[in-house]
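**Student:** Attaching a single structure in C-alpha cells format; questions to follow.
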Amino acid sequence: MTPQNLILLSLSTPKLSIGCPILDDCLGGGIPYNSIIELVGESGSGKTQLCLQLRVIAQLPPSHDGLGGSSVYIFTKFNFSFRRLQQLGNLYHASYPNLIRLEPLEDIYVHGVHDAQ
C-alpha cells in the first residue's frame, strides 16, 4: 500500500464525531471507524473524559454523528471510573431519549489490562 492509497483510504473511512467541530476538523472529520486510538497527555488533560464520551457517542445513529454501534474501552489503571461512564451515559440518554435505549451503556464493553501477560 502506498502513502497516497492510505490517504485516500483515510478520506473514505467513516468517522466518529468527537462532539467538537473544531477538533473534528483537526482530525479530518473525527475518529476513523474500526480503528484503535491511543491518547497521550499529561494527567488531568481530559484523555479519559474524551474516551468515555466517544464510547457513548458511538451508540448514537449516524444521523446524529454516531455510528449506531458498540465499542470497547481498554484501560490500564486499576481505578477505572465506571461512575463517570454512567454519568455520561445518563446525560446522553437524557439528551437523546428516543435514540439511546433505556440502558445507555449496554453496547460499551470495558476490559482492564494490567500486565503484559
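The values are calculated or read from the model by the stated rules, or taken from the named source; none is laboratory data. Owing to the predicted nature of the structure, the values given are computational and were not obtained by experimental measurement. Cβ placement follows ideal geometry from the backbone for every residue including glycine, while neighbour counts extend to all protein chains displayed.
**Student:** Only residues that are part of a helix (DSSP H, G or I) and under 18 Å from Ile31 (Cα atoms): list them for the stretch 62-105, please. Before you say what the answer is, go through the steps one by one.
**Tutor:** We begin by selecting, within the stretch 62-105, every residue part of a helix (DSSP H, G or I); these are 62-64, 82-95.
Correct list: Pro62, Ser63, His64.
**Student:** A further question on this structure: Just checking, which of Leu16, Leu39, Leu23 is over 15 Å from Gly68 (Cα atoms) and under 13 Å from the mean Cα position of the chain (by Cα)?
**Tutor:** Working: Leu16 fails: over 15 Å from Gly68 (Cα atoms); Leu23 fails: under 13 Å from the mean Cα position of the chain (by Cα).
The match here is Leu39.
**Student:** Tell me, please, whether a residue that is closer than 17 Å to Cys20 by Cα and modelled with pLDDT of 85 or more can be found in the stretch 68-81.
**Tutor:** Looking for residues that are closer than 17 Å to Cys20 by Cα and modelled with pLDDT of 85 or more, one finds none in the stretch 68-81, hence no.
**Student:** To continue, here is another question. Of everything in the stretch 49-77, what is touching a helix residue (DSSP H, G or I) at 6+ places or on another chain (Cβ under 6 Å) and of a type in the set (Val, Ile, Thr)? Give them in sequence order.
**Tutor:** Val56
**Student:** Go through the stretch 69-100 and count every residue that is more than 24 Å from Gly112 (Cβ to Cβ) and of a type in the set (Phe, Trp, Tyr).
**Tutor:** The qualifying residues number 1.
**Student:** Asp25 is checked against (1) closer than 22 Å to Gly112 by Cα; (2) surrounded by fewer than 16 Cβ atoms within 10 Å (Cβ to Cβ) and fails just one. What number does that condition carry?
**Tutor:** Only one criterion is unmet by Asp25, namely (1).
**Student:** Taking the residues in the stretch 34-67 that are among the hydrophobic types (A, V, I, L, M, F, W, C) and farther than 16 Å from Val110 by Cα as candidates, determine which candidate is modelled with the highest pLDDT.
**Tutor:** First, pick out the residues of the stretch 34-67 that are among the hydrophobic types (A, V, I, L, M, F, W, C): 36-37, 39-40, 50-52, 54, 56-58, 60, 67.
Going one step further and asking which of them are farther than 16 Å from Val110 by Cα, we end up with 39-40, 60, 67.
On the way: Leu39: 84, Val40: 90, Leu60: 83, Leu67: 82.
Within the stretch 34-67, the match that is modelled with the highest pLDDT is Val40.
**Student:** Residue pairs, Cβ under 6 Å, 6 or more apart or interchain, first in the stretch 71-82 and farther than 19 Å from Asp107 by Cβ and loosely packed, with under 11 Cβ neighbours inside 10 Å, second of a type outside the set (D, E, K, R) and at pLDDT 80 or above. List them.
**Tutor:** Within 6 Å, the pairs are Thr76/Val113.
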